[in-house]
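Have a look at the structure below before the remarks.
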Amino acid sequence: MSTPETSRFVRLRVELVVEVDDEGALTKAALGRIAEDPEIPGDERAHAESTVTEDTAEALAYLVDPFDLVSDVAGVELAQASWSTEQIDYDPDSPDWDLDEDDEAGDEEEVVG
């Protein structure tokens, strides 16, 4: 009898809600990151600068790098990443923002009797 092979790939889902209390500092940091990136062609650079200046969520997206989350984890190499940002209405007291809700559904076991 052979044992099934386990996939070496793991999907890590992370959801963060951040509060931006200084849009100017965030935008300035994003513009600095764009200016320092030698791989962005000139026409794309102008578009990126315009985008981060007009949209705080886009500015944050330029500064957050999924590679940074796992780069120091032993035995792990990032295979693929995607992320997005959006401005949201957030109420920490609302039951709609219960982060443990998904975990509880996944931890339930079906009882067959």
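The values are calculated or read from the model by the stated rules, or taken from the named source; none is laboratory data. No experiment lies behind these values; they were computed from the predicted model shown. Cβ atoms come from the backbone with ideal geometry, glycine included; neighbour counts cover every protein chain shown. Note: areas computed on protein heavy atoms with side chains; ligands, DNA, RNA excluded. Shrake-Rupley method; radii C 1.70, N 1.55, O 1.52, S 1.80 Å.
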Exercise. Please state the equivalent ellipsoid semi-axes for region 1-50: what are the square roots of 5 times the Cα gyration tensor eigenvalues, largest first, in whole Å?
Worked result: 40, 20, 8
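When the accessible area of region 41-101 is computed with all protein chains present and a 1.4 Å probe, what percentage of it is carbon and sulfur?
46 percent
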For this session: Express in nm, to one decimal, how much length is gained between A74 and D37 on full extension, taking 0.36 nm for each residue of separation and deducting their alpha carbon distance.
Result: 10.6 nm
For this session: Compute the FRET efficiency between A29 and D93 as 1/(1 + (r/R0)^6), taking r as their Cβ-Cβ distance and R0 = 41 Å, and round to the nearest 0.05.
Result: 0.85
Problem set entry | Phi to ³J(HN,Hα) by Karplus 6.51 cos²θ - 1.76 cosθ + 1.60 over region 16-27, Hz, x for Gly, Pro | 10, 10, 10, 9, 8, 9, 8, 4, x, 5, 5, 4
Exercise. With every protein chain present, what is the per residue accessible area of region 1-59 (1.4 Å probe, Å²)?
Worked result: 89 Å²
For this session: Starting from the amide H of L78, placed 1.01 Å from N in the peptide plane, find each other amide H under 5 Å away whose residue is 5 or more places distant or on another chain.
Result: none
